[in-house]
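To start, the structure under review is shown below, and the notes come after it.
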Amino acid sequence: MLEVFFNPSSVAIVGATPKEGKVGRVLVENFKKWFRGKIYPINPHYTEILGLRAYGSIGEVPGPVDLVVIATPAPTVPGVLKEAGEKGVRGAIIISGGFRETGTPEGERLEEEVKQISRSYGIRVIGPNCIGVLDRWSGVDTFFLPEEKMKRPPKGHISIISQSGAFASALLDWMAYHGYGMSKAISFGNKIDVDEIELLEYLAKDETTKVIFVYLEGVKEGKGKLFVKVAKEVSAIKPVVVYKAGKTARGGVAAASHTAALAGNYEVYRSAFRQSQVLEAVSFDEIMDLAKVLSTQPPMKGRRVFVVTDAGGIGVMLTDALVSHGLEVPETPSDLREALRSMLPRHCVVGNPIDLTGDADDERFIKVIELLLKRDDVDAIVVVALPQIPGLRGTLFNYLLEAKGRGKPILAVIIGSEVAAKYRRLLEEGGVPVFESPERLAKALSALYIYSAIRLHGARQ
Amino acid sequence: MKADEIIKKALEEGRTKLLEHEALEIVKLYGASVADFGFARTPEEAGDVAEKIGYPVVVKVVSPDISHKTDVGGVVLRLKSRDEVVGAAKKIIENVSVRQPGARITGFLVQKMAPPGLEVIVGGTRDPVFGPVVMFGLGGIFVEILRDVTFRVTPVTLQDALEMMIEIRSAKLLEGYRGQPPVDKNALAKIIVAVSDMMEAHSEIVSVDLNPIMAYSSGALVVDSRVIVGRVR
């Protein structure tokens, strides 16, 4: 049902214009840049816009139109939508504001009218008052922010559902800057039709989406039960990370009972997230930390983490962080200890963390990781490779990119300036998550463990 | 009486809070184990009920007008004989007539004193977004000060209920500490499910507080039940 928003073969842009600085121009520019289907700019004042043949109305377009993007003032929207309905359009993304969000009777009336028209013609609607859809695979892009202001992330596997358009744009720009790939982003504004529940169902089946991130302010009244049901079904297919905005209690509500007094908005949401087996990110940092680990790493079969480090101090910090997040950093088994002893210089520490010390080189790291990858009693490997030591020349990082396909989660800690940044980017673009903070790594890895347990055993362990 | 009859009667009489014995009866009907109780109209009847239940018992005033029973001298604990029970009920009538004159006295709740155990609270309420939800937490400071509770959207299964008990921060107390044996989690889970079933079955139930529930190494007893009802929207 929602396919038309992501993979239309033709798009009409109502309110298209060649005028600099206008939303209608940015929309045409962005579609031209990335979208491979037919683009029909609609504006009665032009016969041509940015090199494309323009039409006076949707009705004048010669071929079929799958999707219409509307960016004209609110009072014109009902008329445009009706015309789209007559044309047989199946989906509309209404960018225009001026509806219920204005708090005026006129805005409410217009929104009601739009709702009626969409129902009677069977047109699915995203919006109004939204930034719509950005799909890096199909090139649909109604985020009316010019590329020089908001970079687009590379094609990838994180999809985003956001109740806030501004937050979605900022997040995408940030992802692009850090090289994190994405599949789809949707912001639905006043959500008169398509909502987060239906989008979750859609993304669950979407092949290019491996992790779904949801920025949620609130589910509509009475829809909570359905949210829990659907989120649980989707979590059984792929990880869902939710960030709930508005965590503080609604004050001043006279409560009929003890239970009602404790059932603040967020408390119930938090429990509902648990019940639906979605993963909750509780801070901005966690959103991307969880998404990048969950979108790149295979399931973690148990909680045993082995740390390979060239810096003893970071190894200790990591151990503390991992253990306090419910993971284990077990003693090195005796047969592994012997194997390590025979291959490493005497001053290296063969416990866990395995400390290769400051004179380590790429080969020393690779030999040890190679051993760990072969063992059934190792559930995840964390490589602490501080690049300041002279022996690290870079082959380790290329090796890690290959090792990531060998069935075990591999994460890295790299701290430092330009050289560190270069390696970090190399690894992250290749699907090996890199952290500066041992604590953040531990939190994200524990989320992978929790999700793996849900997938493998049906429940948190 | 059946659960819907209890609710209907309360609403017809213009009450939004079920009387003590009604509130206990309704959770019992849904399968929660409740400390033995009976309802008596007069002090003499209270004595009869106590004889049937066995001692020690507590006697509480039942009145649609009194919300804080203890404050008006409407509760007498640890009664060990028929005479004590009859005397206590008479004393309650006297106390109420002095401290809240005009309050109607429907009768008395006579309830077996539950032996001390780990106090927990189970509740139910209606959330505008999620609909009926149930709550679980440890009683006393854990709920009052630390707000250490967790919720589930109904319908709640036994499995869900058991997960709730792992989720609270003070979960370890349920496992027993300082030589105490672990509490009977299955018995508590049954009570949680009972509240879920009640909330699902009766849209007139606005909220439920079972507080306290005494949890033991074997079994658990609901000691106090507060059920608020209202007309369906």
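The values are calculated or read from the model by the stated rules, or taken from the named source; none is laboratory data. Worth saying up front: this structure is predicted, and the values here are computed from it rather than measured. So basically every Cβ, Gly included, is an ideal-geometry build from the backbone, and we count neighbours across all protein chains shown. Note: areas computed on protein heavy atoms with side chains; ligands, DNA, RNA excluded. Shrake-Rupley method; radii C 1.70, N 1.55, O 1.52, S 1.80 Å.
Things to note:
- For the range A:411-429 versus the range A:154-190, the gap between their alpha-carbon centres in whole angstrom: 23
- Measure of compaction for the protein assembly as shown (Cα Rg per 2.2 N^0.38 Å): 1.20
- Cα gyration tensor shape of the range A:152-232, rounded if a/c is under 1.5, else prolate or oblate by comparing a/b with b/c: oblate
- Long-range HN-HN contacts of B:L118 with modeled amide H, under 5 Å: B:A215
- Local electrostatic count, A:L392, Cβ distance below 11 Å [Lys/Arg +1, Asp/Glu -1]: -3
- Accessible surface of the range A:292-449, 1.4 Å probe, proportion on carbon and sulfur as whole %: 53
- Cα gyration tensor shape for the range A:398-461, rounded if a/c is under 1.5, else prolate or oblate: oblate
- Computed log₁₀ I(q)/I(0) - Debye formula, equal Cα scatterers, no solvent, the range A:74-204, q 0.10, 0.19 Å⁻¹: -0.33, -1.04
- Here the Karplus curve 6.51 cos²θ - 1.76 cosθ + 1.60, taken at θ = phi - 60°, turns the phi angles of the range A:101-118 into couplings of 5, 7, x, 9, x, 4, x, 5, 4, 4, 5, 4, 5, 4, 4, 4, 4, 5 Hz, with x standing for Gly and Pro.
- Divided by 2.2 N^0.38 Å, where N counts the residues, the Cα radius of gyration of the range A:1-78 comes to 1.02.
- Within chain A, longest stretch free of exposed GluC sites (Glu not before Pro) [DSSP loop, at most 16 other beta carbons within 10 Å]: A:21-146
- Distance between the 7 Å Cα→Cβ label points at A:E48 and A:E429: 3.8 nm.
- Under 5 Å, built H, 5+ apart or other chain: amide partners of B:V34: B:V222
- Within the range A:1-40, the trypsin sites (Lys or Arg not before Pro) that combine a DSSP coil assignment with at most 12 other C-beta atoms in a 10 angstrom radius are A:K19, A:R36.
- Karplus 3J(HN,Hα) series, Hz, for the range A:426-435 with 6.51 cos²θ - 1.76 cosθ + 1.60 (x for Gly, Pro): 4, 5, 5, 5, x, x, 10, x, 10, 10
- The alpha carbons of chain B give a radius of gyration and a Dmax of 18.0, 52 Å, in that order.
- Among the chymotrypsin sites (Phe, Trp or Tyr not before Pro) found in the range B:1-67, not one is both in a DSSP coil and sparsely packed, with 16 or fewer other Cβ atoms within 10 Å of its Cβ.
- Over all other residues within a Cβ to Cβ distance under 12 Å of A:G313, the charged ones net out to -3, with Lys and Arg as +1 and Asp and Glu as -1.
- Hz values of 3J(HN,Hα) by residue in the range A:365-380 - Karplus curve (6.51, -1.76, 1.60), Gly and Pro given as x: 4, 4, 4, 5, 4, 4, 4, 5, 4, 7, 9, 6, 8, 10, 9, 7
- Label-point separation in nm, B:S67 to A:E3, each point 7 Å along Cα→Cβ: 5.9
- For the peptide B:203-212, the mean number of other protein chain Cβ atoms found within 10 angstrom of a residue's Cβ is 3.
- Among the lysines of the range B:1-53, pairs at least eight places apart or on separate chains and with Cα atoms under 19 Å apart come to 8.
- Over 21 Å between alpha carbons, listed pairs A:K184/A:K292; A:K155/A:K229; A:K115/A:K220; A:K223/B:K185: A:K155/A:K229; A:K223/B:K185
- Residues of the range A:422-461 that bury at least 10 Å² of accessible area when the other protein chains are present, relative to the chain alone (probe 1.4 Å, heavy atoms, ligands and nucleic acids excluded): A:A459.
- The range A:99-128 versus the range A:338-388: alpha-carbon centroid distance in Å: 61
- The trypsin sites (Lys or Arg not before Pro) of the range B:76-111 that DSSP puts in a loop, and whose beta carbon has at most 13 other beta carbons within 10 Å, are B:K80, B:R104.
- Using the Cβ-Cβ distance between B:K80 and B:L11 with R0 set to 45 Å, the FRET efficiency from 1/(1 + (r/R0)^6) comes to roughly 0.75.
- Euclidean distance between Cα centres, the range B:62-102 to the range A:19-94, Å: 77
- Contact order normalised by residue count of chain A, Cα under 8 Å, 6+ apart, percent: 11
- Number of partner chain Cβ atoms within 10 Å, mean per residue of A:268-276: 6
- Simple spin-label estimate for B:L146 and B:D48 gives 4.7 nm between the two label positions (7 Å along the Cα-to-Cβ direction from each Cα).
- Computing FRET efficiency as 1/(1 + (r/R0)^6) for A:Y266 and B:A201, where r is the C-beta to C-beta distance and R0 is 35 Å, gives about 0.80.
- Prolate/oblate/rounded label for the range A:333-461 (Cα gyration tensor, a/c 1.5): oblate
- Panel note: contact residues of the range B:133-174 (accessible area lowered by at least 30 Å² against the chain on its own; 1.4 Å probe) correspond to B:M135, B:R147, B:V149, B:F151, B:R152, B:V153, B:E167.
- With K and R counted +1 and D and E -1, the other residues having a Cβ less than 12 Å from that of A:G85 yield a net charge of +3.
- Computed from the C-beta positions of A:K220 and A:E106, the FRET efficiency with R₀ = 25 Å rounds to 0.65.
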